[in-house]
Structures are given as C-alpha cells and as structure tokens.
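Have a look at this one.
Throughout, read-outs are computed from the coordinates displayed, never taken from laboratory work. Please read these numbers as outputs of a predicted model, since none were measured by experiment. As a convention, Cβ positions derive from the backbone with ideal geometry for all residues, glycine included, and neighbour counts pool all protein chains shown.
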C-alpha cells in the first residue's frame, strides 16, 4: 500500500464522514437540550429529497439547499411540538418522523416527477461542485505525478464540496457556542436540570425549541449533501441508515463536539476501507467481500461494546419538562 | 400457520387491488431497481410501452418494493387472469418455480432466470458475448492499460458480465489489468449510487480510465463519477450514451425490451422453454449513436465488428462464467 492509496482512503473517509458528522452534531444539539432525537434519519431523507427536487426545478443548488433545510426544520418543528409542547414520548415521535419521511419523500417524488420515486438526474449547475483550492491538481491521474506534500494537499485537503468544509467548521462552532456562550450554558443546563433553568427565569420551552430547530438545520445540510453533492439526485431510502450510525457515533462521542468529529471520521474510515478492499487475498485464502462490507457494522458493535467506556447521557434527556405547581 | 398465510395473502391482495381490473391482458413485474432505473427495468418497461403503442392495448404492471412481495404479485396477476405474465430479474426464479405449477393455464416469461416448468418461457441473454465486445472497446480506449468493472449485486449473472468484459479487454491487450468490484450482496446493491461512485473513485485511483457499470441504478453514480473525473464509462442494458455525452464510451445493450415485446405480441401462445438471446439474435450488442460517434474510431468499430462476426461464426469462444464458476482472465 503506497502513500497515495492511504491518502485516497482518507479522502474517501472525509466524504463519507461528512453526512454522519452533520447528523451527529444535530443529535448533539438536540440531546444536550434534553430532547432525544432518533428522527435524524427521517429529517436527512426529507431534506435530501427537497434539496434535489428544488435544485432540479430551480436550477440553483443553493435554493435547493435552503429548501432541504426548510423541509428538515418543518419535521424538527413537528418533533418539538409533539415532545416539548404536548410532552409526548420523544422516541415515538422520532420513529414516527422516520416513517413519515421515508413514505412522504417517495410519494411526492412519484407525483412530481413520475420516475418511480426518484428525482431526475441533476445537471452540474444543480449540484455542489468540488472546490479546488489554488494550486491543487484535480484529476487523480495528475495527482499521482506530484510529491507527497502536493498529493496530501491536492487529494486530501482540496477537492471537496463546500458542505464538507462547512461541516468541519461546525465542530469548533458548536463547541464554542455550547461551552463559551451564555446561550450554550443555558442549553446544556436545560438538558441536565431544566427546573434550575426555569427557576432562573429562562424559558425551558424556548431553549428546547431552539435546540431542536438547530438540529433541523444541520440535518437539512446533511440531507442536501447526500443528494446534491455526494450523488446527483434523490433515490429511495438514500440516507441508508446514516442517521442511526450518527446516533451510535454520538454515544461513542459521549455528547461532545470534538469527540463527535473523531467518532464520525472513524466510522467513515471503516466504510471507506470496506469499499476499497473488497477482495483481499491472504495467500490461498480470499477474504470474502461480504465480510469486508459487514466490517464497518461489526466494528461499530465492537467499539460501542468494548471501547466506549461509560457514556452518560444528559440527565434530563427524554423527559418532558413539567412545571411544578 | 395456515391462518397467517391466509391473512398475509389477503393483505397483499388488498394492497394490490389498486393495479386495476383488466382481464386477460399481458402483465409485467418489475424488479427492485425500479421501473425507471435507466437500465434493466426501464428496458423492460420500454418493450411493454412499445407493444402498448403498437396495438393500443393495455397491460398490468407491478413494481416490487420488497422481496416478500414477489410470490404474491405473481399469484395476484395470475388469479386476475393476466396472460402472459412477464417478470424481469433473476430473483423471480425461485418464487416462480413455486407459483408456476399452481397456474398451468397461465404462461409465465422470466428474463434472466431459468425455471423448469411446462408453462414457463425462460429468456437468457449471452451477456458474456456483449460484454466481450465492450471489453475490447474499453481496452482500445484505455491509455493507462487498466480498465475496471463495477457490478451490482454479487451474483453469478453479474460475474458473467465481468468475465466477458475481462476476456474482451485481454483479447486486445494481453497485459491489461482489469479491476472488478461488486457493490453489495443484497438487492439494495442495485440502487446505491453513492457506493457505486466511491468504488469508481477507488478504481480510478488504481489507474483505471475506463469503467463498465453493470449495476442497475447504482450505475448512475458510476457514470457520474467517471464524468467528473474525466474518464470513460460504459453503460449497461439500455443505451445510456445520452446520460453523459462525451464520457460514456458506449453501452452494452441487452435487449430486454425485445424479449418483453416479443412475449407481449405473441401473447399467451408464446413458446415455452429456454430461449437464449445472443449476438446472432441481436439480443446483446454495443450502442453506437450520435453521442459517442466521436469516441469510437473507425478502427475500433472494425475490430469489434470482426470479433462479433467471429463469435457468431463460432471462431471465438467467449467463456461463460456461469458454466463452471471460473473465469480464464484474472481480475483484481
């Protein structure tokens, strides 16, 4: 395995980890405020559909992104309404959102485009192009001619869509807001002890809605990334369980932003390795492709069972807040 | 158990009443890739539509959304009086072998699978021969001496594509390196363009500059990445040259539309047994149109046409992977 191969796997890791990272951060915001969110998957899916559909009809990928975010926020609002205002069970509301999204996206796609529940293929204007940083080679064949530094720069650092850089920027931003601002302090307090926040005269309901909506925005970006950057168009069930892997990453990361980054990169790396090495031959024995493709999931189980240590969720997570009277 | 089966049957029947109440017409069942996969199922759909526009007739259709529906879809159509019932996709073979004996008066046509029953017509394509031709084109277009293949689900049928492709490439350039990857091992592998794209990037990184996608809807992701990275791609089943003109080198045509059209036109009297559509029957081939006219040079075309004639005449034997499960050309 040469240096360029390693770089290419890392490059693939970054691409595959981006939707996980955005969804994981969305879950982090929501759960830090005490609202469990297993509807990440559904919100991503709906955002992926609307981003692709509107990008196709308007011809502008940015309008598509906004539409995806808006659709995801509508579902987030629904989740907020059910679990904050009406104090319903947060897990059930999340499950409902996943089912709603999986069905709704396909039905609307069929009605609008009549192509069997998918959107038409997007032209290059309606997709996020890869950003080429100055001085970077773009094609893999040119990159192979460069030296190690140039290869690292061209392959790993340059050549991602703007949403990848945005997702990476969200990590320090999330950390700063949660740990260095008044809003963040209150938000974390709401997830630990909402009564104390209420006593201080701050609206618990308001803070929780804010957190749920921020989660909606992040899921919206994640969905738009899937359909308009990673591929060109929406297909049925394209989120393919990424929302749930993001939840696993969130637990692995113990609800902390920087840990979330490393957890998502790790899961992305497993996926990239599984894609790249399908037929490994060890002497006479060939490792079956089934094993390589199951590897990411096996490793998720091993990591969660053995390496995570003690993960303590926010104390008030999952419980609707009822003012004592 | 009986109760459960009855209930499930009733639920399925309810779910499928929406397909309309037309007796005696032909019917078609599409596989999980979806009717508009721009590839295999879409070719089947086009054949049915051609029949409908020629005769003004109507046909029933069911688009499967999960494996569990297969048998119920067949029974539902057979009980409603549809005849013949055409089904696209090898996955239908096992349920059909159960269903076919129960409806001896109905003719079933299965594409890509073989079911040994007196009322079943099994249509098989010689994909290895068509793939051989596009493999030759790939090897002639390649500058790096490395070409690659992305398959859908890891099944012998798709290995037949891969093996034919590798043999064609090796016939042009004995030193050629052929990289072959499969998208997955479950039917969802037919519809995963993101993974298809990632596999393609990996192959390009290993030097490939022509990629052949035989992967249904997944192939759309392969062709997209090939266009983005500036290499050639080869489409499959339907003519996919128009998807990315200038980047799609050609398409390996598999005339599923002809098979469906034939069955619909002949109707219930269609001959049963195994029917092989090869190069000689124009069942497989490569696509040449205005979108790739500039990519295929006259000498490439001449070489491929010579090989085509030689295969038909029996002078070149293309090894069929499904005969013995091995391929004479080493793939990575």
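Averaged over B:193-204, how many beta carbons belonging to a partner chain fall within 10 Å of each residue's beta carbon?
That average works out to 6.
Taking the Cα-to-Cβ direction at residue A:286 and at residue A:173 and moving 7 Å from each Cα, how far apart do the two end points lie in nm?
Each label point lies 7 Å from its Cα, and together they span 4.7 nm.
With axes computed from alpha carbons, what is the tilt in degrees of helix A:61-80 against the longest principal axis of chain A, rounded to the nearest 10 within 0 to 90?
Roughly 40 degrees, rounded to the nearest 10.
By how many nm would the segment from residue A:60 to residue A:100 lengthen if fully extended, with 0.36 nm per residue of separation less the alpha-carbon distance?
Extra length from residue A:60 to residue A:100 when fully extended: 11.7 nm.
Take the Cβ-Cβ distance between residue A:196 and residue A:302 as r, set R0 to 35 Å, and report the resulting FRET efficiency rounded to the nearest 0.05.
Efficiency for this residue pair is about 0.35.
Right, something else. Pick out which of B:71, B:42, B:290 has the largest mean-square fluctuation in a Gaussian network model of chain B, springs linking Cα atoms closer than 10 Å.
Greatest mean-square fluctuation among the candidates belongs to B:290.
Just need the Rg to Rh number for chain A, please, alpha carbons only, Kirkwood Rh.
Computed over Cα atoms, the ratio is 1.00.
Work out the FRET efficiency for residue B:175 and residue B:24 from their Cβ-Cβ distance, taking R0 = 56 Å, and round it to the nearest 0.05.
Between residue B:175 and residue B:24 the formula returns 0.45.
Further question on the same structure: Have a look at A:31, A:192, A:41 and tell me which one the Gaussian network model of chain A (Cα, springs below 10 Å) gives the largest fluctuation.
A:192
Ok, one more. Report the extension gain between residue B:326 and residue B:289 in nm, rounded to one decimal, defined as 0.36 nm multiplied by the number of residues separating them, less their alpha carbon distance.
Taking 0.36 nm per residue and subtracting the Cα distance, the gain is 9.9 nm.
Using 7 Å Cα-to-Cβ label points, what is the residue A:111/residue A:315 separation (nm, one decimal)?
Reported label-point gap for residue A:111 and residue A:315 is 4.7 nm.
Follow-up. Which whole number gives the average count of other chain Cβ atoms within 10 Å of the Cβ atoms across peptide B:289-297?
0
When ranked by the protection proxy of mean other Cβ atoms within 10 Å per residue, highest first, what sequence do the peptides A:212-221, A:91-100, B:179-188, A:229-238 form?
A:212-221, A:229-238, B:179-188, A:91-100
Still on this structure, I have one more. Taking every DSSP beta bridge with both residues inside the protein assembly as shown, roughly what % is antiparallel (nearest 5)?
Around 15 percent antiparallel, to the nearest 5.
Using only atoms on other chains, find how many Cβ atoms lie within 10 Å of each Cβ of peptide A:115-123 and report the average.
Going residue by residue through A:115-123 and averaging, the value is 4.
A further question follows. If each residue's Cβ is checked for other Cβ atoms within 10 Å, how do A:170, A:24 rank with the fewest at the top?
Result, fewest neighbours first: A:170, A:24.
Also, I was wondering about something else. Considering Cα pairs under 8 angstrom that are at least six residues apart, work out the relative contact order of the range A:3-307 and quote it in whole percent.
It rounds to 35 percent for the range A:3-307.
If you stretched the chain out fully between residue B:282 and residue B:242, how much longer would it get, using 0.36 nm times the residue separation minus the C-alpha to C-alpha distance?
Extending this stretch completely gives an extra 12.3 nm.
Sticking with this structure for a sec: Listed highest first by mean packing, meaning other Cβ atoms within 10 Å per residue, what order do B:124-137, A:122-135 come in?
My ranking of the peptides, most packed first, is B:124-137, A:122-135.
In what order do B:317, A:43, B:177, A:310 fall by count of nearby beta-carbon atoms within 10 Å, going from fewest to most?
If I rank by nearby Cβ atoms, fewest first, I get A:310, B:317, B:177, A:43.
While we're looking at this one, here's another question. With n ≥ 4 as the cut-off for DSSP H runs, can you work out [θ] at 222 nm for chain B, using -39500 (n - 2.57) per run divided by the number of residues, rounded to the nearest 500?
-13000 deg cm²/dmol
Determine, from the Cβ-Cβ distance of residue A:139 and residue B:301 and an R0 of 25 Å, the FRET efficiency 1/(1 + (r/R0)^6), rounded to the nearest 0.05.
The formula returns an efficiency of 0.35 here.
Within the range A:26-40, list the residues whose amide N lies under 19 Å from a label point set 7 Å along Cα→Cβ of residue A:181.
Answer for the range A:26-40: A:26-35.
Cut-off is 10 Å between beta-carbons; in what order do A:176, A:255 appear when sorted fewest neighbours first?
A:176, A:255
So what's the gap between the Cα centers of the range B:239-265 and the range B:123-184, to the nearest angstrom?
Between the Cα centres of the range B:239-265 and the range B:123-184 lies a distance of 17 Å.
Given labels modelled 7 Å from the Cα in the Cβ direction, how far is it in nm from residue B:309 to residue A:251?
If labels sit at residue B:309 and residue A:251, their model points lie 6.7 nm apart.
Please work out the Cα center distance from the range A:216-252 to the range A:11-45, rounded to the nearest Å.
Computed from Cα coordinates, the inter-centre distance equals 8 Å.
Sticking with this one: Using only helices, what value at 222 nm comes out for chain A when you add -39,500 (n - 2.57) per DSSP H run of length 4 or more and divide by the total residues, to the nearest 500 deg cm²/dmol?
Taking each H run of at least 4 residues, the total per residue is -20500 deg cm²/dmol.
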